[in-house]
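Chemist: Next up is a structure, given as structure tokens.
Every number here is computed from the coordinates shown, using simple stated rules; none is lab data. Being a predicted model, the structure only gives us computed values, none of them experimental. In this analysis, Cβ positions are derived from the backbone assuming ideal geometry, glycine residues included, and neighbour counts consider all displayed protein chains.
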Amino acid sequence: MNASLRDRYDLAFTLYPYARSSDQDSASPVRHPVVIVGGGPVGLAAALDLGRMGVPVVVLDDHEGVGAGSRAICFAKRTLEICQRMEAAKPMLDKGIVWNIGKVFHDAGLLYEFNLLPEDGHRFPAFINLQQPYFEKFLYDAIRTEQAKGAPIQIRGKNRVDAMSTEADHSLLDISTPDGGYQIKADWIIACDGAGSPIRSMLGLDFEGRVFQDNFLIADVRMTAPFPTERWFWFEPHFKSGDSALLHKQPDDIWRIDFQLGWEIDREKELCPKNVRARVDAMLGPDIDYELVWTSIYTFQCRRMAKFRHENVIFAGDSAHQVSPFGARGANSGIQDVDNLCWKLKMVLDGSAPERLLDSYHTERAHGADENILNSTRSTDFITPKSDISKLFRNAVLSLSADHAFARPLVNSGRLSVPCVYDGSQLNTADALPDAPMRARPGAPCPDAPLGDGFVLDRLSKGFSLLGINTQIASDEPLHSISVTSKSAPDIAVRYLGDAQTGVYLIRPDQHVAGRWPTYDAQSISRALAMATAQEARDG
């Protein structure tokens, strides 16, 4: 962040100030089941999810809360559904700026607009815009609520991990604090320590992938402006402030503006407030009064680790993978990492699943990372053509899209984050309900839909669940079960049955579909459950 703006941005929260822990006074290192390194959105979400399941967890963070600057701002529907499961979503939705509509411009002309959630009957919108510090604070507030109920969550600010050694069945961490150093042992470590992950470096690991030769300027401004709460993106904008530009509204009358700068730039010069204001002035015009509150420059990076699990150390969020900001995939994919990992780790710790279940965390989330990297790379190549031929093709697509709908899917101003479908996962059972909609196929996150005075996702358990539609589930079935009819829940029938008449769904703790069948079959469900917990291998 530009130092001259540092004191003018008020989004900084001291959440967990340093306090001496009993571990620091122990004669020998205390051993913990799970230690999370990093207190950002991914680390806090992991602590909240595990703590709510009764897993003792210690979070080590080298800061004492949330730093200044909005950073991530776009949080997707699936992220809000995950946070709802953890009882943290309401303040996010209350504070966030709701949006479903986006518009794409070329030069001064509107090419087209799109609606990311045209369908009714959903609890959450396609996206909210919410500054990352608020997102983290609301996660922390939920942690405090769970701690008051007895959840075994510890968060230690100003506890920096300086070294790590791995033994046969645990790791030893060297930690520095304002009171000096101490050590603890960890059965499992979840590394949520960001793109520059010290834990990754301590293991001698690195990313694989691409760094794109382009730079983008973030300018967060405070203003009261007559623009709607939509995502506006310009290719070759008429205001000449960059090769592309993006405008988004955030809470507190803060607006996020991105300008594409090119590769060979003087960063210090570009971050000079006078030069930033010149770009913003050209974009907004002379009649809009505003205040600069945050500036930063970033490059596009599409990279990931070769493996997300290394023995008892598991990487999540930016420590495991990086994508370009366009498309809102960074924080959203990190929360999906947590959603995928924590129930599996809980089952392994309980002894109700073999340790190889954790191998599916890498398989499924690496699939998600590869999908994000592919979409991010395509976005980057379209936004920043690398040759005259590429630019000619890009501009031809833009020209056609103004009048021809067939060209619009080819326009890529940052394909926006959608939840990953774990197609091909070893935890899936072969689809036995082919007439049902693809969006509810094995591996997909469950589509939400109204049910009674709530939503179907609210009715799922913390473990595995069965959903029966227009058919009966045996009364002695030990799994948590929900039975509905097309008449009582028409949206569920549309989203889960399609052309099928009846259906039974086995749903994982992370609300992804493990298997589906036309009718209840105890033997098939038992085998699918064994597969979904890595206790039985899938044929082939």
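Chemist: Just from its helices, what would the mean residue ellipticity at 222 nm be for the chain, if runs of 4 or more DSSP H residues each count -39500 (n - 2.57) and the sum is divided by every residue, rounded to the nearest 500 deg cm²/dmol?
Modeler: Working: 12 runs with 144 residues, N = 540.
For the chain, the value works out to -8500 deg cm²/dmol.
Chemist: Rank-order 179-192, 525-538 by packing density, defined as the average count of other C-beta atoms within 10 Å over each peptide's residues, highest first. It would help to have the intermediate numbers written out before the result.
Modeler: Details: 179-192: 20.6, 525-538: 18.1.
Averaged packing, sorted descending, gives the order 179-192, 525-538.
Chemist: Hey, if you drop one equal point scatterer on each alpha-carbon of the chain and run the Debye formula without solvent, what base-10 log of I(q)/I(0) do you get at q = 0.11 Å⁻¹?
Modeler: These q points yield log10 I(q)/I(0) values of -1.04.
Chemist: Please name which of Gly452, His512, Ser465 has its Cα lying farthest along the dipole of the stretch 438-532 towards the positive end, using unit charges on Cβ (Lys, Arg +1; Asp, Glu -1) and the Cα centre as origin.
Modeler: Value: His512.
Chemist: Further question on the same structure: Please give, to one decimal in nm, the separation of the simple spin-label points placed at Ile101 and Ala405, each 7 Å out from Cα toward the Cβ.
Modeler: 1.8 nm
Chemist: If the cut-off is 30 Å between C-alpha atoms, which lysines fall inside it for Lys77, apart from same-chain ones fewer than 8 positions away?
Modeler: Lys90, Lys95, Lys103, Lys137, Lys149, Lys249, Lys307, Lys344, Lys346, Lys462, Lys487
Chemist: When only Cα pairs under 8 Å and 6 or more residues apart are kept, what is the percent relative contact order across the stretch 438-532? Don't skip to the end; give the middle numbers.
Modeler: On the way: 173 pairs, mean separation 30.4, N = 95.
Over the stretch 438-532, the number comes to 32 percent.
Chemist: Here's another thing I want to ask about it. For the stretch 399-453 and the stretch 43-118, write down the distance between their C-alpha centroids in whole Å.
Modeler: Using only Cα atoms, the two centres lie 20 Å from each other.
Chemist: What is the spread of the Cα atoms of the stretch 205-244 along each of their three principal axes, largest first, in whole Å?
Modeler: On the principal axes, the stretch 205-244 reaches 48, 23, 16 Å in Cα extent.
Chemist: Under the rule a/c < 1.5 gives rounded, and otherwise a/b versus b/c splits prolate from oblate, where does the stretch 438-532 land using the Cα gyration tensor? If you can, show how the numbers build up before the last one.
Modeler: Details: a/c = 1.36, a/b = 1.29, b/c = 1.06.
Judged from the Cα gyration tensor, the stretch 438-532 comes out rounded (a/c under 1.5).
Chemist: Another question, if that's okay. Need one word for the stretch 161-252: rounded, prolate or oblate. Basis is the Cα gyration tensor (sqrt eigenvalues a ≥ b ≥ c); a/c below 1.5 gives rounded, then a/b vs b/c decides.
Modeler: Verdict is prolate for the stretch 161-252.
Chemist: Using 0.36 nm times the number of residues separating Asp388 and Ala430, minus their current alpha carbon distance, what extension gain do you get? The partial results should precede the final answer.
Modeler: On the way: separation 42, 0.36 × 42 = 15.12 nm, distance 4.63 nm.
Full extension from Asp388 to Ala430 adds 10.5 nm.
Chemist: Over every pair of different alpha-carbon atoms in the stretch 300-399, take the mean of 1/r and invert it; report that Kirkwood radius in Å.
Modeler: Numbers: mean 1/r = 0.0663 Å⁻¹.
Roughly 15.1 Å, rounded to one decimal.
Chemist: Is the shape of the stretch 373-413 rounded, prolate or oblate, going by the alpha carbon gyration tensor and its root eigenvalues a ≥ b ≥ c, with a/c under 1.5 for rounded and a/b larger than b/c for prolate? If you can, show how the numbers build up before the last one.
Modeler: On the way: a/c = 3.20, a/b = 1.33, b/c = 2.42.
Since a/c reaches 1.5 but b/c is at least a/b, the shape of the stretch 373-413 is classed as oblate.
Chemist: Taking the beta-carbon count within 10 Å as an exposure proxy, list Asp214, Asp220, Asp403, Asp193 from fewest neighbours to most.
Modeler: Numbers: Asp214 20, Asp220 25, Asp403 9, Asp193 28.
Going from least to most buried by this count: Asp403, Asp214, Asp220, Asp193.
Chemist: Same structure, new question: Using every alpha carbon pair in the stretch 88-234, what percent of pairs falls into each 10 Å bin from 0 up to the bin containing the largest distance?
Modeler: For the stretch 88-234, the pair-distance distribution reads 8, 21, 27, 24, 15, 5, 0.
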